[in-house]
Each structure stands twice: as structure tokens, then as C-alpha cells.
Amino acid sequence: MPPLIASSFRKLLFHPEKSPVLPRQGDTGCRWQKRGLPLWLGLLCWLLPCWGAVAQGTLSGTVTDGNAPIAWANVVLFDPSGKLATAAVTTATGSFVLQAAPGAYRFKVSFLGFADWEQAVQLAPATALGTIVLRASATTLQEVTVRGQKNLVDYQPDRVVFNVENSVSAVGGDAVQVLSAAPGVLVRNNTISLLGKGAVRVLVNGRLLELTGEELVTYLKAIPASSIRNVEVMTNPPAKYEAGGGGLLNINLKPGAADSWKNTTTLAYEQNTYGAAALRDNLVYNQGKVHFAGSAGGKLGSSQVKQTLRTAYPGGPWDLRYVARQREDNASARLALDYDLTPHTAVGGQYAGTYAAPSSQDDTAIGVFGPQQALDSLIRNTGTRQVRTTSHAYNAHLVSVLDTLHRQLAVDGDYFAYNTDLNNAFVANVFTLTERFLHTNLAARNVSHQQVRTGSVKVDVEHPLKWARLSYGAKISLINSQSGIAYYNTLLATPQLDAGRSNTFDYRERTQALYLSGTRPLTPKLRLQLGLRLENTQTRGYSATLNQLTTNAYFKLFPTAYLTYQRDSIRSVQLTYGRRVNRPGFGLLNPFRSYLNSTSYSEGNPFLQPSFVDNLDLTYTYKDAWRTNAFVTRTVDGFGPVFTANPVTNTLVISRQNYLQEYAYGLGESYTAPVTSWWQTQTLLYMLGSTSRFTNGLTATPRNGAQLYGSTTNTFTLRPASKLQVEYTYASPVARGLYHTGYVSGLNLALQQTLLHDRLQVAALLNDVFNTAYLKDYTSTVNGIQQVYSENNSSRFFRLSLTYDFGNSQLSGKQREFGSEDERKRTR
């Protein structure tokens, strides 16, 4: 197994100084006094009682077609001059709430296929319109195709939305390839991270995955791109979401259109050094009170993995070259069923399962050089890795609109089971320069397993008031992880268990969380959102072999704030702040050694502490096309892998340590808009930098430097049924923290042709044309010994896919989306 590389995580301690005092009778606002309470508790206390100081009117109602609610309808308020005052879209239950200063307005509701609904309204502190019924358009469309296109990227106050259906390069791919195409998302070396902000957590339909690293990538490869509607990129997620990770990526699956059923089948073939084929099928059915979605599929084939590691020992360097043929076999299935008990209450459940067998045939050659840089001998490590992983996720939920104020309650119960089994057998033989066999250095077999079980219960409430829109909730989550490794010495005629190199490790985590957030306009142009999440966590790790018990407990507050100034309809400025926590993965806490080959091993650290990071972002948006962003983050007690070489024994140890304090900052510009009627572009350019120091006596020097990062995605409509997409990414070499990384660049070309009245799509992708989009020259120097690592996991490949849609849009039904969230992550 090759060496593992992981991203560093961060921490920042927050020191409150002031707290609020409630206003006395006659006060016009909140007064502040030093009382020793947390500042953010004070801000929330100010947020609630003082919001009445700014008079705001609220307009609410529900939009239906006479039988069922209509989601995503546009609701707009115009002032007497015809200028846009505020706007929104209806929720999955058809409800809406608009806020503006009291006065006279023109209210309009519009939705494709229905006639517009307009009415003059006199907005009071609380105005309810009740149920608004839209009528089908008087002009019936017969055999007419209406073509429209969303932006490839949409910018919202707390997230960036990447619309997958407009990414030609994603057709026929999987969720990992979709994430790598999202703006500011980096997928390298089995690590998914955000530009300048480190590793992230991944959600699917709002439910958090309890997986990281290779396990997370394996899971996501089983989700087809054809079932994904969009990806939400959140650098400072609202308080509603768990506080873990440097940010969140939420993968939203397609819910299907109202009054219809639709089936999508995709067949894809991918060729790198080896070939692989995938077949996926997705079915969505909505009729009456029943809403069903199902998908199934699988992939068979192989890819090539190449890795190199040069270790500059004082007695002469060692050059490691690793080549493996890795199986890409996987299968997945998903079932989701919702039922409307009443027009205001729905219940549902869903199941998602995956199977993967990323086994490999490994060949590692280590060239041992002498002091004069002359090759002395060769160590050849050959073996096989048999891997099998399975996962099963279950969810049950209830969503209900409680009253005419459209207060909404969502209750979720979730259970997630993940299993992985590994059988790694290898033999290390030593040869002379002429390939003459000398002796066997090591022969062994590692048999390991990991079982993760998580359960959670969550309650969320959306609570619109006259003066604000509140959301609050609670969650209890339980995580149990059991892992073990049995090491057998196979040099003997009969394999013998080596108890000194075997281990079992049990880990348990309990978290209780509460959150509260509120949004309100301060003025017609200024809007404030504040949130606070409280998480109380207890952990317990036990190594039976070492008889070592490690416990930890911590209670932390995680504030968030969004201040938005909408100068006019085309210009806005937003300042956001959020605090996050990075908890070590289960495997990183296991104190035992896992031997990677005859000369190196990896070991966990049960004393790893979580790290905390504070993010501050300032963004200026012009015409929803130009976006200027500046950010700074501060990390304390960041942890990550440390490569330490022993010059006496010529062995390499990969350990995990809390060693980093860091400031990271960046300034960037992006442009997302149609250049012409046939050319749409999304271009991003950032200048990044960092300042770091080591805190645990690590015998290394911090590396700090600037980096230039740019990407551009251009979609050309050659004709109504043909599209060409050209993507290019470049990241300059950079020194940051313990590591220096070489440049990365990649050119992708994709072509899509639709046939049979848009029912059949043919797509071709040439990914990384010049084979330069892989991790290279990942360099660190510890104890005066330099390590240089590179990895290329079939970055260049060609894919051809066929996608066929068929269905019926004449059913009587409606669309509804799930309204729940869960967590599953950090397995390793």
C-alpha cells in the first residue's frame, strides 16, 4: 500500500469580552456592558429582543395549482415606481415569506406553464394572502420545445451552487468527477478540499457522510453524475449544519419534475491505461400523494496508480516507485419514498447502499543508492490488496407546516453502517544491480477490518416572525467504530501471527448539539443573519492490544454571521464569519502501526486533539457575474501527517501530530456569465498565501509562500443540440506549512450531442489532455532528511457515454423534496 498523504486541519480559540444587557424601559436600542459572558451570546440576545427597532412588513402565503403546492415559483414585490423591492421562490410545500418596509406594492407570482398572478397589496407588519391558485397558461404548447439554460454557477448569500446539468464534462461520470469540476473544489490524493481552506465534509441531500480519505472517495465513485442536480459549496455554513470540517459540499440529487415519471439510463466507457465500463439507471415517479425515486448501477474495470517517493538519507537516497493496477468495481442503489399525509404534512424514508472492491496488484521497487549517488541494490516489493467495502444508510423523516405563519417542523432519524475488509499480502526481495536475487527481506500478510455504526435524531424548526425569520433545532448523534489488524509472518512454511504487530481498536463518540439562527433586514438595503451552534462531544478510544484507554470531552460554541448590503439590483457586498472544528478521523486515533511495505509504516495517535479554524470572508458582487472575494483564516493546533525518516535504520515513519498554527489568506476574482448567446464562461483567478509556525518542537522549518490559482470553464453552443466544453486549471508551485507542492495544470475537452428530441445524449470527454493534473513534488524536510512524493491516479483518460431519457409528464401529482439532514463521515 502506498504512503498516505492527508491535509492539515486547523483551530482557533475565540475569546469573548462583552455581553449584552437587555434594554430598560425607554431605551431605544441595546446597551453593552462588560459582564464576562461570551460576545456571541450577547449578539444573539441583541438579535432577538432588539429586532423590533426596525419596522418591517411580512407577506406570506402558499402557491398551488388547485390540487397540490407548487415549488420554486417566483414571488416578487415591486414598489409603486415598478422597481424590484424583494423577491424569493416558494419552498417545497409552496409557501413563501417576503419582508419589506410597510407600504403599497405590486405583488406578482409566476411559474413556467402557468399564467402570472398579480395583485396590489398594502404591506402591514403581518400580511397573509392565504392560498394563491395558479391557472394553466391559456396558450397550450403542442410539440414545442422550450430551451433554457441555468448558469453553470449561481452565487447565494451563504453558498455557491454548481449546476451539474450544465457541465458537459460531468456527463457519464461520478460524484468525484463532479466535485472536481465545482468552483474552488480540489480533489487530489484521495483528499477533497476547498481552495485555501483545507479539507471539507461532504453531504448528500443534506445528510453528512461519516467518511474521509480513500473511503469517502470510494463511496462517492458509486454515485452517478446523472443523478446529481447540483453541488452547494459552503465555506462558512450556517449554524444549522454541523461545525466539523473546513467547509461543506452538499450534493443534491435530482428530485424529478411534478406530475411525471422519468427514467434515465447511462452507459459509459472509460479508457486510461486500462478500461472500465459503467451502467446506471435512475427512476423518478411523482403522482398524487406519492413521490418515489430509485437508482441502481455499477462499474467494472481497472485504472492505473503510480507513485514515487525519494528519501534523501545521509548514507545515500532511496528511490521508491510504486505501480498498481487498481480495480474500479463498484455498485450502488438508492430508494426514496415520500407520502403526503395531508396538504401540510409528509412522511418518508430512504435507503442508500454501496459496494466497492478497489483491490489492486502492487509492484514497488526501491532503489538503494550509496554516498556517491551510485545504485547499490534493489528492493522489490510485490503483492496484492484485496479490498471490499459496503455501506447501508437508512433515513425516516417527517416534515410538517404547523400553521398559517408557515412554521415548519422537520424530524429525522438516521442509521448508517459502513464495513471495510482488507487482505494485503506482500513479499520484499533484495536484488543486486544485475537483478540477481540475494535474499527475502520481508514476507507478510495484513488482514484488517473496520466497522462504523452511526445513529442520530434531529429536529429542525423554521419559525418566521413579524420581525425576523428564525430557525432552531437540536441533534443527538452516536458513533461507534471497531477496527483491527492481524499481522502474519509468511516467511515461515506456516504463516504465524505476530501479536506484537497486531491490534484491535474501539472508538466511540457522542455529540449533543443545539443551534439557533435568525435573519432580519436592518434597513431596506442591509440584512443581518446571526447564528450560534453549541456542540458537546465525548470520545473514548481503547486499544485492547496495548491496553490503552484515551478519553476526551469538550464543549464548544460555533458562531456564524452574515452581513449583506444590497446597494441596488446589481451591486452587493457581503461580510461573513464562521468558526469550524476538525475532528481526527477514527483511523488516525488508532495508536498501532500499519506496515505499508518492508521499509515504512504508518501509525496513529490517540492523543490527537481537534483543531479549530475561524474564517472571515468579504465578497463584492456585480450583476451576479463579477465576484471579488477576499478571505483570511486562522488555524490553531492544526494536525496532519508528518514524514519522519530514521537515518540509522533507513525506515520511514508516517505519524499524525498537532503541530501547526497558521494564517491563510487569499484575494480572487471570478466572472460567470454568458459572453454571447452561444458562449458561457466561468473563470476564476486567485492569489493565495499563508504564514505558519510549528508548535510541538518539530525539527523542521515552516514554509510560506504565494500561489497563483486560476481556472476557466467555457461552454460553446455549436448548434441547439451540440455543445463543446473547454476547461483549464492551473496552480503554481507553493510552499505552505510543512510542505512544498509542485505546479498542477489540466486541460479537459468535452463534447455533447443530443438526439431524438433531447432524449438521447452522446458525450465524449478527454480529461487532462497533457497528463499534468496530478500531485507532484510534494516535499517536506524533517530531521534534516528530505522527502519528495508524487502521485498520478490515471489523471488522463477518455470517456464516451450514452444517456437516454424517457417518461410521461401527464400524471396528476406534485414534486416534493426531502427536508432533512444527517451525518456520516471521518472513517479511515
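Kindly evaluate Thr342 against the criterion of being without any contact (Cβ under 8 Å) to a residue 12 or more places away in the chain, within 30 Å of Asn252 (Cα to Cα) and among the β-branched types (Val, Ile, Thr).
yes
Does Ala268 meet the test of being under 25 Å from Leu765 (Cβ atoms), assigned to a strand (DSSP E or B), more than 21 Å from the chain's Cα centre (by Cα) and in contact (Cβ under 8 Å) with a residue 24 or more places away in the chain?
yes
Being among the β-branched types (Val, Ile, Thr) and in contact with an Asp or Glu (Cβ under 9 Å, 6 or more places away or on another chain) is the filter; apply it to the stretch 229-255 and report the residue that is nearest to Arg207 (Cα to Cα). Lay out the reasoning, then the answer.
Taking the stretch 229-255 and keeping what is among the β-branched types (Val, Ile, Thr), we get 231, 233, 235, 251.
Those still in the list that are in contact with an Asp or Glu (Cβ under 9 Å, 6 or more places away or on another chain) too: 235, 251.
Details: Thr235: 17, Ile251: 9 Å.
Selected residue: Ile251.
Does at least one position in the stretch 701-709 carry a residue that is β-branched (Val, Ile, Thr), farther than 30 Å from Gln661 by Cβ and surrounded by fewer than 18 Cβ atoms within 10 Å (Cβ to Cβ)?
Within the stretch 701-709, not a single residue is β-branched (Val, Ile, Thr), farther than 30 Å from Gln661 by Cβ and surrounded by fewer than 18 Cβ atoms within 10 Å (Cβ to Cβ).
When only residues in the stretch 220-231 that are under 18 Å from Val185 (Cα atoms) and in contact with a Phe, Trp or Tyr (Cβ under 8 Å, 6 or more places away or on another chain) count, which is modelled with the lowest pLDDT?
Asn230
Can you tell me which residue in the stretch 143-172 is modelled with the highest pLDDT, limited to those that are touching a Phe, Trp or Tyr at 6+ places or on another chain (Cβ under 8 Å) and over 29 Å from Phe798 (Cα atoms)?
Top of the filtered list is Asp158.
Would you confirm, using the coordinates I've provided, whether Leu309 is hydrophobic (A, V, I, L, M, F, W, C) and within 28 Å of the chain's Cα centre (by Cα)?
It is false that Leu309 is hydrophobic (A, V, I, L, M, F, W, C) and within 28 Å of the chain's Cα centre (by Cα).
Quick one: would you say Ala763 is surrounded by 21 or more Cβ atoms within 10 Å (Cβ to Cβ), under 23 Å from Ala268 (Cβ atoms), small (Gly, Ala, Ser) and modelled with pLDDT of 90 or more?
Judged against the criteria, Ala763 is a match.
Residue by residue through the stretch 582-618, note down the ones that are of a type in the set (A, V, I, L, M) and modelled with pLDDT of 90 or more. Show your work before the answer.
Taking the stretch 582-618 as the starting set, the residues that turn out to be of a type in the set (A, V, I, L, M) are 588-589, 596, 608, 613, 616, 618.
Those that are of a type in the set (A, V, I, L, M) and modelled with pLDDT of 90 or more: Val613, Leu616, Leu618.
Residues checked against (1) under 30 Å from Gly353 (Cβ atoms); (2) of a type in the set (S, T, N, Q); (3) modelled with pLDDT under 90; (4) in contact with a Ser or Thr (Cβ under 6 Å, 6 or more places away or on another chain):
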residue: Asn419; (1), (2), (3), (4): yes, yes, no, yes
residue: Gln450; (1), (2), (3), (4): yes, yes, yes, yes
residue: Val461; (1), (2), (3), (4): no, no, no, no
residue: Ser471; (1), (2), (3), (4): no, yes, no, yes
residue: Leu492; (1), (2), (3), (4): no, no, yes, no
residue: Gly500; (1), (2), (3), (4): no, no, yes, no
residue: Arg510; (1), (2), (3), (4): yes, no, no, no
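Out of the residues in the stretch 677-698 meeting the condition of being part of a loop (DSSP other than H, G, I, E, B) and over 30 Å from Gly784 (Cβ atoms), tell me which one is modelled with the highest pLDDT.
Among those residues, the one meeting the criterion is Trp678.
Please go through the stretch 662-676 and pick out each residue that is at pLDDT below 90 and under 24 Å from the mean Cα position of the chain (by Cα).
Thr672
Where the second residue is hydrophobic (A, V, I, L, M, F, W, C) and the first is in a loop (DSSP other than H, G, I, E, B) and lies in the stretch 114-128, which pairs have Cβ atoms under 8 Å and are six or more apart or on separate chains?
From the stretch 114-128, the pairs are Ala115/Leu134; Ala115/Ala136; Ala115/Ala138; Asp116/Val109; Pro125/Ala55.
With the stretch 278-342 as the region, which strands (runs of 3 or more DSSP E) entirely inside it contain at least 3 residues that are under 22 Å from Thr599 (Cβ atoms)?
Those strands (runs of 3 or more DSSP E) span 290-311, 318-327.
Taking Trp626 and the conditions (1) surrounded by 21 or more Cβ atoms within 10 Å (Cβ to Cβ); (2) of a type outside the set (Gly, Ala, Ser); (3) touching a Ser or Thr at 6+ places or on another chain (Cβ under 8 Å); (4) over 30 Å from Arg321 (Cα atoms), which numbered condition does it fall short on, given that it satisfies the others?
(1)
Taking the condition surrounded by fewer than 17 Cβ atoms within 10 Å (Cβ to Cβ), of a type outside the set (Gly, Ala, Ser), touching a residue at least 60 places away in the same chain (Cβ under 8 Å) and farther than 24 Å from Lys240 by Cβ, does Asp376 pass?
In short, yes.
State yes or no: is Leu309 buried (at least 16 other Cβ atoms within 10 Å of the Cβ), over 30 Å from Thr619 (Cβ atoms), touching a Pro at 6+ places or on another chain (Cβ under 8 Å) and not small (Gly, Ala, Ser)?
Working: buried (at least 16 other Cβ atoms within 10 Å of the Cβ): yes; over 30 Å from Thr619 (Cβ atoms): yes; touching a Pro at 6+ places or on another chain (Cβ under 8 Å): yes; not small (Gly, Ala, Ser): yes.
In short, yes.
Within the stretch 75-104, work out how many residues are in a strand (DSSP E or B) and either in contact with an Asp or Glu (Cβ under 6 Å, 6 or more places away or on another chain) or modelled with pLDDT under 80 (or both).
Going through the stretch 75-104 one residue at a time, the tally reaches 3.
Looking at Ala243, Ala225, Ala239, which is the one that is touching a Gly at 6+ places or on another chain (Cβ under 6 Å), under 20 Å from Leu575 (Cα atoms) and hydrophobic (A, V, I, L, M, F, W, C)?
Ala239
Would it be correct to say that Ser471 is closer than 30 Å to Tyr565 by Cβ and either of a type in the set (Gly, Ala, Ser) or in contact with a Cys (Cβ under 7 Å, 6 or more places away or on another chain) (or both)?
So Ser471 passes the test.
The values are calculated or read from the model by the stated rules, or taken from the named source; none is laboratory data. Since the structure is predicted, the reported quantities are computational estimates derived from the model, not experimental observations. Glycine also receives a Cβ, built like all others from the backbone with ideal geometry; neighbour counts cover every protein chain displayed.
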